[in-house]
Structures are given as structure tokens and as C-alpha cells.
Amino acid sequence: MKGPKVPGLIKGLGVTFRTMLEPKVTVQYPHEKEIPAPRARGVIGLQEENCTVCMLCARSCPDWCIYIEGHKEKRPPRREGGRERTVSVLDRFDIDYGLCMYCGICVEVCPFDALHWSPEFEYSEFSIADLLHDKDKLGEWDATKPEPEPYEEGAVVKAAKK
Amino acid sequence: MTTDTSSMPEIDIDPRALRHLADAQVNVELDTGDMILNMGPQHPATHGTLRLVVRLDGERVLAADPIIGYMHRGYEKLTEYRTYPQITTLINRIDWLSSFANEVPFIHAAEQLMGVEAPPRAEYIRTILTELSRIATFILFLGEFGLQVGAVTPAFFGFRDREYVLNLIEAATGGRFHPNFNRIGGIKDDLPWGWVAETREVMKKVFDSCNEFEDLLLGNEIFVARTKGIGIIPGDLGAAYGVSGSNLRASGVDWDLRRDGKPYLVYNELDWKVWTHPAGDSYARYWVRLQETRESARMVLQMLDQLPAGPVMAKVPRIIKVPEGETYVQTENPLGEMGYYVISKGATGPFRTKIRSASFSNVSILPWLLQGVYVPDIVTILASLYFILGDIDR
Amino acid sequence: MMLAADYWWIWTIVKVVVVLAIVPTGALVIGFVFLFKVMSYMQSRLGPMEAGPQGTLQLLADGLKFLQKEDITPKQADKWVFALAPVMVLASTFLVFVVLPAGPDLIVEDIQTGAFYALAVSSLSVIGILMAGWASANKFALLGGLRAAAQLIAYELPLLLAVLGVVIMAGTMSMQEIVSIQNTGEIFGWGGIGNPFIITQIVGFVIFMIAAQAELTQPPFDMPVAESELVTGYMVEYTGFRFLFFFIGEFGTAFAFAGLAATLWLGGWAVPWITTDAWWVNLVGVAVLFIKIMAISFLIFWVRFTYPRFREDQLQAIAWKYLIPIALVNVLATGAFKVWM
């Protein structure tokens, strides 16, 4: 081993000493909380009135974690003397967050904009079965979705896709 | 368990020449037997579930045998039964520390087969995010390499500084670790307002962080004594084994796919430099990655200045069926050279994908490299090669 | 002491209880202040904050947790050696405190060969570590134990030679007398701050600190406990309260070595302005000694958190090729200085 060149060792000590005196970066959860970005993929919310039970989201999910059941109902015609309409009504729309990969394919492929991302992330449960969120819970999550935000300069975006 | 050296190429360098201290046995009658040490799948030094069976003579390694496969998740089989958007989500998780960079070669392969080109703004944003992933994973390397050689503090600095970059990626893509942002024909969405200014701020922090690592570790005499001359990979031998990326550049080989391979993304529109180091030891690998982090930060700043306006998605049908054909795209990922060989038969998903991952080839040099070193040096060498188990085993 | 000699057995029990109380307390204080708070602050984080105000009760919670764990002994381990190893290590820590003075009357026994006794007794922990490494029936523990044996024995010599310089300067090995010589001494005729040996024996002090770092198996000399290779080395098979013994032993020994360094070089419990022998000097002495121990421990732990570790051969090279020759030169120079001054 060559003889010791002290400066490098002393500089290292200086770095740790300086860091000791600087403010700390710890965020003391749960007393203090960090707010994630608006686009953060925290949880998926469902806007039930838009859903037409087309099953595209359930089909395109890589994990098959969306469970959809629906039935067809007849509705009165829109105008006098018209035909009776059939609409699909959702019976069951469950997302199993124990399986969900948070990839967002379901949100993207939905043609009727019924699914939205929300940055909420505090829904840990003590039992895995409780991670299956049903239609009403997903409706609650939908209320927390953020407003569409403006884009960076130079962006030319046709539709606000989230 | 000795390593079978009959099939290895002839090399000039005598591995025993790597023994740098006294070879003399003090007392021949006390010649003890060899000990087999299993640095098993669970070990803090092996970066995941790598199993190293080493035969030791005291503290010196006589032979080492890496056993991989503990983390095999069957990616190539998975891709046979998924569509392209679903695969994009899954392959994020191959090299999970720089996940955006895993998507890029696959998407480029699919775009090549479809004959679609992403608009320039999309390519710029892709490159920015790739370089941000490179910065994120290298900063973690700079920190945890210190942890492997014994200094506990740099690891925390590494994680702390990585958080800034991850927050940036989250603001743009929605996911910190798994962005899932590429789509065939472009990227999913444009950047949010204020992102460019924030990125400039974070790049300043990256430069400060690199300077801090240089002060704390690179100039530290103990660190230098632990890493100089350890694990020297000769350049031609490394290339023969398939070692790629910063490991090869640290052995003096001037090869970077971003400049020398088929042009991809926007690297040929930027003014940047490839860093090499002649020594080829662990110190060189650390030094090269430190310089590359700074270089990536400079590239990001250039790209933010040159960011063109325009759409971020080309015109593609809603249900994407990639026409028949096969192609191979390789890119310079942070861990090394990653390639995807995609065979398509016209369906919504590929027929077969072969993933050439960088760490798989990087680890193949371990039996040769670990001969004759001390046990602490095993840890240094493993840390300096910087492989990710998800990348080895896929 | 004040009481008649008939009651010596009461005083013995009191002294034993005090030492038994001081060692874990000192270990816990050092553990909390340095291992939790200072280390966290140096790593830009806050450390434990939930247990008690600012996390002060965290070690109590950890201690209780260790005590309630299952006591596992590996099947192939040598049961008695395995069980006795932590006791050996802890015993050597306790024994060092016998000669550590905390006030003019606060010393368990002021042995005439105090410094010699302290060094001799602190080397007993090597046996405990070897026992732990061998009896664990685990190759990683064995590697750790053998590395520890080589390292600790190698670094005993610089430790000794550094203390030898102080003993030559003081002319005595008794700890109380060393303290009073530093307290009442003068530097070139000025008695303002006494004559702490750190001024004339600065080389010895540095060597002692380096050797103490190695004796405590702290980074950069923590090959036996190389966390990223051997995951606590010789202690790897110990769980529950056995590990608690090792833990208390490690930080108790740090407390003891800091106490030795404070006494031999910094003047111990004495403050130069106070030369009376009143009873309240004992309380002041305890406080002063505590402050000096904290200062020296800060040095030890500051170096611990900053530097990577040396490899075993580099470690031995430092001891044999650098520290011992420098310490020998220091002893020679001190001897010459003492004779001619």
C-alpha cells in the first residue's frame, strides 16, 4: 500500500459532517404526507353512467383483474312512435387491486371514458380479499380524480387522454 | 467443483498473475483442504437471487460457479400470449431500475415491422426519459457500490438523489418505477406543464450529487485501495464473453450503441461524448459510470433546449396488428446492450420474442474473473459489474 | 472509604451493581445517540422518531424485542461454546470498567497497574469472538471469526505501544494518578489547562484511535463483521438475547475504549480549574467524563459512517507495516523526551 494521501479521506469526512448539519429529507409519514403528481397512477375510478358493458377493459387487462357482469334492459323510445332501446346495465364491476399491475391499459382502451386514474394510494387492507373494490367503491374513487391539467409548451394534443 | 477450462478461448493473460500478494505457503504440513462456500441465493452481496458456489483456499478463491435462474419469470413465453400494449407493460419489469429503457427497443422493433415512425417530439421525449432512467439507475449504482465495499452512507445518498429523478418520471408518466409510457407510434401522452423547468432543476441536483460521490468515494484512499486493480477485464476477452455497456467501456473498448450501432432515438442530433477508461478494473467501472451520469445530465439539458413542438403520436389504427416479419433491435441500455428479436405473424401480439439481456452476458465472465481473488474482492467485483437479476433471468 | 473495613462486602456489592448498570446504560446511550441519530443525520434522514420523543425509547423497544425472541441454536453447533461466547465478550467489557475513574472517589479499584490491566482484560473478547465463530457451525461465521482473531491480535500491539507512551510520560500505570498528573501538570510553566497528554502524545492518540477502531471491529476495520459479505460475520447465528449480549458488548466496549482514551489523553474526569477534593467534584467528574467520552465516540462513529472497509490483507499491512513502527518511534521519542527534560 502506498503512503496515505490524507486529503481524500478528510474530504469524505467533510461530506458526512456537512450532511449532518443540513436539513433532512425524511417525510414523516403518516404525520406528514407527500402529494404525488396529478398523473400518478394511484387507483382507478369508475364513472358508471358512461359504461356500456363493452368489456374492452376486462379483455385487455394483462392480469385479468377486472370482473364485469351486466344484463340488457329495455328502455322507452326516445321519441314518440320510435323503437324500444336496449341498453346494457352494469351489475358488477370489480377491480381486484391485489392483482392489478397499474399499467393503465384499461383506462386507455375504454372508448367511453368511464375509467380514470386518481393519485390516491392509501387503501391498504389487512386482508387481501378486501382489495377487491366493487362498483360503489370505484365510484368513490372516481370523485377523487384530478382536473385535466395543461400541457407543456409545444404540445399539440387532440384529446385530453389521461 | 472446478471450472472446466477446456472450452475457453486461449488467452495470453495468466489468471494466476492476478494474485497480487504473497503466494508462499508458510508451512507445507499445515496444508488445509479447500472449503466450499455457498454464497446462496439470499445474500446481500449478490444483488438479488444469484447463487455463487466458490471453492476457497483460506480467503482466496480457487474457482467460482454462478448459478442463475432463481428469478426466471418466463418473459419470452409470456409475450407469446399477450398483445403489444400488454407486453410493453410487462417488459418494464425486466430491468426494474431503469424500466423505461426496456420498452424502447421492443417498441422500435414493432414500429419497424409496421413501418410506422414516431413523430420527432415523441422521439425526443423518449430519449429524455431513457436518459433519465439511465441517471436514476447509475446514481443508485454509485451509492450502493459504496455499500458493498463497506461505506454505509453513500447508499442513502444514492436513494435520496434518485428520488428527484423518479418524481420527474412520475410527473410525466404516472409511474415511478414502471412508466409504461411507450406506445407503437409514439408515446402515451405529452408532458405536463412545468416539467421542463423542473427537469432543469433536477439536473443541477444530479451534478451536485455526482460531485458529492466523487468527494465521498472516488477520492477516498480506502476505496481506491479496495477497487484499483480488482477484477480487471481485458478488453478483447470481455468482448469475446459478450460483456457490454459501461463494463466494456471501462476496459478501454470505445463502443457505444448509441453512437456506433444503427441510429435510434435522437442521439445523432446531440453533442455528446463516450467515456472510456483504459484500466478495466472496478475503479474504472465506477469512474466510467460516474462520468456517464454527468454526460446523461448534459444530454437531457440539450434535449430540453432542442425539444420540437408537435404531436406525440403517429397515425395508427386502434387495434394494432403488426404485419408479418421479423426484426432485431438492440439498444444501449444502462446495464449494457439489450436486444429484442421479434417474430410477428400478423396477429395482435408477437409470435415469438427473444430477449437478449445485458446482464446475462455480463455474468458469464464471472468464473474467469473470480479466479485467484480474495473473498472481499468477490463482493467488489459483483458490485462493479452491476447486473440486475431480473435482467439475467428474465 | 468512609465506612469501616468490616463493611467491605457491602461496598463490593454496590460497586458490582453500579458497573453492571453502567455498561448497558452507556451502551444504550452511545447506541441511541450515535448509531441511530448521528448516523441518520449523516445520511440525510431522521432516524427512529416514533418510539418515545424523538425516538429515544427505540433501543428499549429493540431490547424488549430481542428478549422475547425464540432462542435458536444451530443443530450442529457446539452448544456450550456457543452459549458461552457472548458471555466472554460481555465479561471482558465489564472488567474494563473496574479501573475507569469517574471522580476522585468513583473508581471500583484503583489498581496500581491500571492501564496494563485494562488492556489485558479487553483482549479477552478475542477468545469470545473466536468461540462464536467456531461454534456456530457456519462457514460465514467461521470466516468472520478467523478474520477477527487475526485482526484483533494484530491491533493489540499498536494499542499497547500508544498507551506505553502515556505511561512513560506519567511515570505510573495507575489510572487515578494519570488523571491527577494531567490535571495538575503544566505546559512550559503554564498551568491553565493542566497538561493533557494529547498535546505531547498526539501521535500516540491518533494511533490509539485507529487501533481502537480496529479493536471494536468498526468500519473501516470491520472485516470480521463485513455486513455486505458475511452479514455480521461471527454473530450471524446468534438471535434473541444472545445477540443482545453481543450488541451491548460492542457498544459497551466502544464506551469503555472512549473512556480509556478520555482518561489517558484528555484528562479523564478532571477539569484543571477544580483542584479541591470535595464530594461534589464526583458529580462534576461524572459529567465531564461523559462529555469527553461523547466527543471521542463521535470521532469513532464519524469515521465509521464515512469510510469503506479495508480488505484483510490491507488491514494487516496497516497494522504491521505502519502503525507499529510509528508507535515504536513514538515510544522512543517519548522516552528520550522524558529523560532529557
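Read the figures in this text as sums done on the coordinates, not as results from a lab. Fair warning: this is a prediction, and the values are worked out from it, not measured in the lab. As a convention, Cβ positions derive from the backbone with ideal geometry for all residues, glycine included, and neighbour counts pool all protein chains shown.
Numbers below:
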| quantity | calculated |
| --- | --- |
| Computed FRET value (nearest 0.05) for C:D71 with C:E50, which takes r as the C-beta separation and R₀ as 25 Å | 0.35 |
| Amide proton proximity set for C:V231, modelled H, under 5 Å, gap of 5+ | none |
| Per-residue mean of C-beta atoms belonging to partner chains within 10 Å, peptide A:91-103 | 2 |
| For B:R51, residues with placed amide H under 5 Å, excluding near neighbours | B:I67 |
| Averaged over C:80-89, number of beta-carbon atoms from partner chains that fall within 10 Å | 0 |
| Extension gain from C:K15 to C:L332, taking 0.36 nm per residue of separation minus the Cα-Cα distance | 110.3 nm |
| Label-point gap, in nm, between B:Q42 and A:D113 - each point 7 angstrom along Cα→Cβ | 5.1 |
| Partners for A:K135 among lysines (Cα-Cα distance below 19 Å; same-chain residues under 8 apart left out) | A:K72, A:K145 |
| C:A61 paired with A:R78, simple spin-label distance in nm, labels 7 Å along Cα-to-beta-carbon | 6.2 |
| Estimated vicinal HN-Hα couplings, Hz - the range B:47-56 in sequence order (Karplus 6.51, -1.76, 1.60; Gly, Pro = x) | 6, x, 8, 9, 10, 10, 9, 10, 9, 10 |
| At R0 = 51 Å, FRET efficiency that the Cβ-Cβ distance of A:A143 and B:D260 yields, to 0.05 | 0.45 |
| Contact order relative to length of chain A, as percent, for alpha carbon pairs under 8 angstrom and 6 or more apart | 28 |
| Per-residue Cβ neighbour rank within 10 angstrom, fewest leading, B:F145, C:F241 | C:F241, B:F145 |
| Protection proxy ranking, peptides C:163-169, C:260-266, average beta carbon neighbours within 10 Å, highest first | C:260-266, C:163-169 |
| Residues C:M42, B:M71 arranged by fewest to most Cβ contacts within 10 Å | B:M71, C:M42 |
| Average Cα contact separation per residue, the range C:4-340, under 8 Å, 6 or more apart, as relative contact order % | 24 |
| Ellipticity estimate at 222 nm from DSSP helix runs (n ≥ 4, -39,500 (n - 2.57)) divided over the protein assembly as shown, nearest 500 | -14500 deg cm²/dmol |
| Whole-number percent relative contact order across the range B:74-357, with pairs defined as alpha carbons under 8 Å at least 6 apart | 28 |
| Given B:K315/B:K345; B:K188/B:K315; B:K77/B:K315; A:K24/B:K205; A:K33/C:K65; C:K75/C:K139, the pairs whose alpha carbons are separated by over 18 Å | B:K315/B:K345; B:K77/B:K315; A:K33/C:K65 |
| Most positive-pole-ward Cα, B:V266, B:N167, C:V126, against dipole of the protein assembly as shown from beta carbon charges | B:V266 |
| The range B:74-357, dipole about Cα centre (Lys/Arg Cβ +1, Asp/Glu Cβ -1), debye to the nearest 20 | 760 |
| Peptide B:74-86, shielding by other chains (average Cβ, 10 Å cutoff) | 2 |
| Listed peptides B:91-104, C:140-153 by packing density, highest first (mean Cβ within 10 Å) | B:91-104, C:140-153 |
| For B:R356, distant residues with modelled amide H under 5 Å away | B:G339, B:Y340, B:Y341 |
| In Hz, Karplus ³J(HN,Hα) per residue of the range B:232-240 (6.51, -1.76, 1.60; θ = phi - 60°; x = Gly, Pro) | 6, 9, x, x, 5, 5, x, 4, 5 |
| Ascending count of other beta-carbon atoms within 10 Å, so fewest first, for B:R226, B:R55, A:R85 | A:R85, B:R55, B:R226 |
| Charge dipole (chain C, unit charges on Cβ, about Cα centre) - positive-most of C:V17, C:F221, C:F32 | C:F221 |
| Inter-label distance, nm, simple model (7 Å from Cα along the C-beta direction), A:E69/B:A197 | 5.2 |
| Amide N proximity, the range B:321-339 versus B:E76 label position 7 Å along Cα-to-Cβ, cut-off under 13 Å | B:339 |
| Backbone HN-Hα couplings from phi across the range C:134-143 [Karplus 6.51/-1.76/1.60, Hz, Gly and Pro as x] | 6, 6, 6, 6, 9, 5, 5, 5, 4, 4 |
